[in-house]
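Heads up, the thing below is written out as structure tokens.
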Amino acid sequence: MGYTGRAEWRKHYAEGKGFRQLGDAERALLAAHTPVPEEGGRVLEVGCGTGELTAYLASLGYQVDAVDFAESALARAQQEHADTEGVRWLCLDIERDDPRELHGDGYDLVVMRLVYPFLRDRSRMLHSLAERLSPAGALVVITPTAEHTPAERRDIALDEDEIKTLVAGWQRAERFDADELAVLVLRGPCHSNTTEGEKRRL
Ligand SMILES: C[S@@+](CC[C@H](N)C(=O)[O-])C[C@H]1O[C@@H](n2cnc3c(N)ncnc32)[C@H](O)[C@@H]1O
């Protein structure tokens, strides 16, 4: 597929295309393992696309900061979820832009769905997102696995070594299956090392 550049993502959404819809198994896992804290909770969704997951998290009661760097995705998200309350739609390249719009007090949940394999420097991003978690917070990565992905689309998935690297160093890491997507629930603090091996080839 090779949608690695911002221009390609913009084009993808401008052409009316989307991605795999959020499934019931994903919804159930999120509701069960990352419920909204009693006093209310804040989520950062990175790479929100057209906002289906953001809208679901908002329906659970979270305040959501929904980030994507494709303006065309955010335009569709805002239109499709115009009635959804508690969401800030933020156009940001999470790896390169100034993060000042993100919440300074951190997040109870950071979630990336079908996004992690596309990051240019995975380890750096992992550390920077881990630092945004509140002490009891969780980072959730939902991703296709190489095992269930055709070879020609391997770049959208993680293999077992990549998953091992991703979960290493977290105080608690749980793995679930949602219709052949891996759902990784990671809790901090995160002490894994940044390695060159985790940088995506551009
Ligand atoms: C495969 S799509 C998944 C979209 C959505 N999470 C979903 O499940 O339908 C990957 C998304 O990540 C966004 N993205 C990729 N790299 C990004 C970055 N560095 N900063 C912000 N968004 C990014 C793309 O624009 C795209 O919307």
* Those residues of segment 56-73 which are farther than 16 Å from Gly41 by Cβ and either of a type in the set (S, T, N, Q) or more than 9 Å from the ligand (Cβ to nearest atom) (or both), in sequence order -> Glu71, Ser72
* How many residues does segment 177-191 hold that are surrounded by fewer than 18 Cβ atoms within 10 Å (Cβ to Cβ) and touching a His at 6+ places or on another chain (Cβ under 8 Å)? -> 1
* Output the number of residues of segment 133-142 satisfying the condition of being more than 10 Å from the ligand (Cβ to nearest atom) and surrounded by 20 or more Cβ atoms within 10 Å (Cβ to Cβ). => 6
* Asked: Pick from Ala146, Ala151: which is farther than 20 Å from Tyr62 by Cβ, touching a Lys or Arg at 6+ places or on another chain (Cβ under 8 Å) and either crowded, with 19+ Cβ neighbours inside 10 Å or of a type outside the set (S, T, N, Q) (or both)?
  -> Ala146
* To do: Determine, yes or no, whether Thr149 is within 16 Å of the ligand (Cβ to nearest atom) and within 20 Å of Leu29 (Cα to Cα).
  => no
* Could you grab me the full set of residues in segment 90-100 that are buried (at least 19 other Cβ atoms within 10 Å of the Cβ) and either near the ligand (Cβ under 8 Å from one of its atoms) or under 25 Å from Asp179 (Cα atoms) (or both)? => Ile94
* Yes or no: Leu186 within 26 Å of Leu74 (Cβ to Cβ) and of a type in the set (A, V, I, L, M)? -> no
* Which members of segment 101-121 meet the condition of being within 14 Å of the ligand (Cβ to nearest atom) and either over 12 Å from the mean Cα position of the chain (by Cα) or surrounded by fewer than 17 Cβ atoms within 10 Å (Cβ to Cβ) (or both)? -> Glu101, Leu102, Arg120, Asp121
* **Of residues in segment 7-32 being touching an Asp or Glu at 6+ places or on another chain (Cβ under 7 Å) and either charged (D, E, K, R) or loosely packed, with under 14 Cβ neighbours inside 10 Å (or both), the one farthest from Glu52 (Cα to Cα)** => Arg10
* Asked: Counting only residues that are among the hydrophobic types (A, V, I, L, M, F, W, C), near the ligand (Cβ under 9 Å from one of its atoms) and out of contact with any Leu (no Cβ under 8 Å at 6 or more places or on another chain), which one in segment 1-47 is modelled with the highest pLDDT?
  -> Trp9
* Asked: Does Arg124 satisfy the criteria of being part of a helix (DSSP H, G or I), in contact (Cβ under 8 Å) with a residue 60 or more places away in the chain and either of a type in the set (D, E, K, R) or on the phi < 0 side of the Ramachandran plot (or both)?
  -> yes
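The values are calculated or read from the model by the stated rules, or taken from the named source; none is laboratory data. No experiment lies behind these values; they were computed from the predicted model shown. Positions of Cβ are generated from backbone atoms using ideal geometry, with glycine treated the same way; all protein chains shown enter the neighbour counts.
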